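Chemist: Have a look at the structure that comes next, please.
The values are calculated or read from the model by the stated rules, or taken from the named source; none is laboratory data. Quick caveat: nothing in here was measured; it's all calculated off a predicted structure. Here the Cβ is made from the backbone with ideal geometry for all residues, glycine too, and neighbour counts use every protein chain on show.
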Amino acid sequence: MEETTKKKDRGETKKQNKFIQFFKRHKKKFIMLVLLCIMAYIIYLVVNLFRNPTDTVYIEMGQIQEEETGIGYIVRDETVLKGENYKNGIEQIKTEGEKVAKGESVFRYYSNNEESLVEKIQELDTKIDEAMANQESVVTSDTRVLEEQIDSKISELYGESDLTKIQDNKQTIANNMTKKAQIAGELSPAGSYLQKLIDERSEYENELNSGAEYINASRSGVVSYRVDGYEDVLSTDDFSKYTKDFLNNLNLRTGQIIPTSNESGKIINNYYCYVVSILESEQAKEAEVGDEVGLRLPSGTVVDATIEYKTIENNDNIITFKIEKEVEELISYRKISFNVIWWSASGMRVPNQAVSTEERNGKNISYVTRTRIGYEDKIIVKVLDSNEKYSIVTNYTSEELGELGYTSEEIRSMPSISIYDEILLN
């Protein structure tokens, strides 16, 4: 009997030794298997957490709004400026987006032989400088003032990035150089070499100025050189012409920037512009002329807008919005993607999943379930506004609860909701 027991123990020991040896040989594999199991379990927990998120939320202050995405056509009050020499190209006097008063010069067309005249004037300037340096210097108080002004304008050019100021400074320097040369010529003997150069330069300059065509503003507003030919098509004179077929036949690309013209410019009324859009939502159907809404522009900026005109065509609501801010932002576009914010509301925001209803005296009463330290309270709430995801709620007044049929005792014992309360999701 004892021998049998010993043999059995020795057999068990051999099995244990074999297992230990097997484990030692495959130790790394065992460890890897355990780690993989742990990782799989962690992943399962994370995925399960996202599938089944917490069933409670905290009430917080927030905002909800009802938005609709649309495609809008920009309609502006604008006047095109174009001269006779438009084939010569233009030199901008007023830059893109700069405000201008009626009668001010906006741009000019180059003269027919301007390049040749400018080159000759530059050559004469070099010769005049050399002639002035070689003759005996006759310094006057006027000359000193001009030299100081020239030095000052040259210093201002360094580090200047404003194109208009750079052009103004260059023109001032050129004018002062001319005046300085004229003074020197007047003090030189008649018929001298310097005087001949100055006279020749004056002739070229007169020819250059007489050949240039200056275009002045016919009205006040903002200057733009983004002229696309739709200035008279998308005009503000008659909003009833903007039908679905009319807008679609324009074949404009959404978000395309209007290229800069080298033949003409225009003056834009920068106080207001319009956005015409075809919309299909229930809010668009119910909208009326005079309603105030918000427009979210391509940059993300939200501006106030008023419905200026509305027409219905085969269940399509063609609405014209008027905006009076950020008008300059839309100068570069004819067709944009934007959002209409039909309404917005702020207050205590809760998910719609947390709001339930019960019937009382023939009326559906909304409520949420608050949880505190394991206890749950049903709280009657007044829903002010809702969208697809959230509702803005508040507490009823005692008078309102009485009108809903609650007794004085029920009203006194009724809990109220407040920010940071924890509520259950349905």
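Chemist: Residue pairs, Cβ under 6 Å, 6 or more apart or interchain, first in the range 409-426 and within 17 Å of GLU399 (Cβ to Cβ), second part of a helix (DSSP H, G or I). List them.
Modeler: Partner pairs satisfying both residue conditions: ILE411/SER398; ILE411/LEU401.
Chemist: So how many residues does the range 338-370 have that are farther than 13 Å from ASN426 by Cα and in contact (Cβ under 8 Å) with a residue 60 or more places away in the chain?
Modeler: Residues flagged as farther than 13 Å from ASN426 by Cα and in contact (Cβ under 8 Å) with a residue 60 or more places away in the chain within the range 338-370 amount to 12.
Chemist: I'd like to verify a number: residues in the range 252-280 that are aromatic (Phe, Trp, Tyr) and surrounded by fewer than 18 Cβ atoms within 10 Å (Cβ to Cβ), how many?
Modeler: Matching residues across the range 252-280 total 2.
Chemist: Quick check on this structure: which one of ASN339, ASN426, ASN361 is in contact with a strand residue (DSSP E or B) (Cβ under 9 Å, 6 or more places away or on another chain), at pLDDT below 90 and of a type outside the set (Asp, Glu)?
Modeler: Within the list ASN339, ASN426, ASN361, the selection yields ASN426.
Chemist: Taking strands (runs of 3 or more DSSP E) that do not extend beyond the range 316-426, which have at least 1 residues that are surrounded by fewer than 16 Cβ atoms within 10 Å (Cβ to Cβ) and basic (Lys, Arg)?
Modeler: The strands (runs of 3 or more DSSP E) meeting that bar are 356-360, 363-372, 375-380.
Chemist: To continue, here is another question. Would you say THR306 is in the same structural domain as SER416 (by TED's automatic domain parsing) and within 23 Å of GLN63 (Cα to Cα)?
Modeler: On the way: in the same structural domain as SER416 (by TED's automatic domain parsing): no; within 23 Å of GLN63 (Cα to Cα): yes.
No.
Chemist: Residues being more than 17 Å from GLN63 (Cβ to Cβ) and in contact with a strand residue (DSSP E or B) (Cβ under 8 Å, 6 or more places away or on another chain): count how many of those fall in the range 346-358.
Modeler: If we filter the range 346-358 for residues that are more than 17 Å from GLN63 (Cβ to Cβ), which is where we start, we get 353-358.
From what is left, the residues that are in contact with a strand residue (DSSP E or B) (Cβ under 8 Å, 6 or more places away or on another chain) are 354-358.
Summing the residues that are more than 17 Å from GLN63 (Cβ to Cβ) and in contact with a strand residue (DSSP E or B) (Cβ under 8 Å, 6 or more places away or on another chain) in the range 346-358 gives 5.
Chemist: Out of curiosity, is LYS127 at pLDDT 70 or above and either in contact with a His (Cβ under 9 Å, 6 or more places away or on another chain) or surrounded by 12 or more Cβ atoms within 10 Å (Cβ to Cβ) (or both)?
Modeler: On the way: at pLDDT 70 or above: yes; either in contact with a His (Cβ under 9 Å, 6 or more places away or on another chain) or surrounded by 12 or more Cβ atoms within 10 Å (Cβ to Cβ) (or both): yes.
Against the criterion (at pLDDT 70 or above and either in contact with a His (Cβ under 9 Å, 6 or more places away or on another chain) or surrounded by 12 or more Cβ atoms within 10 Å (Cβ to Cβ) (or both)), LYS127 qualifies.
Chemist: In the range 61-106, which residues are surrounded by 19 or more Cβ atoms within 10 Å (Cβ to Cβ) and small (Gly, Ala, Ser)?
Modeler: Residues satisfying the conditions are GLY70, GLY72.
Chemist: Further, regarding this structure: So which residues in the range 283-311 are within 19 Å of GLU66 (Cβ to Cβ), touching a residue at least 24 places away in the same chain (Cβ under 8 Å) and either charged (D, E, K, R) or touching a Cys at 6+ places or on another chain (Cβ under 8 Å) (or both)?
Modeler: LYS285, ARG296
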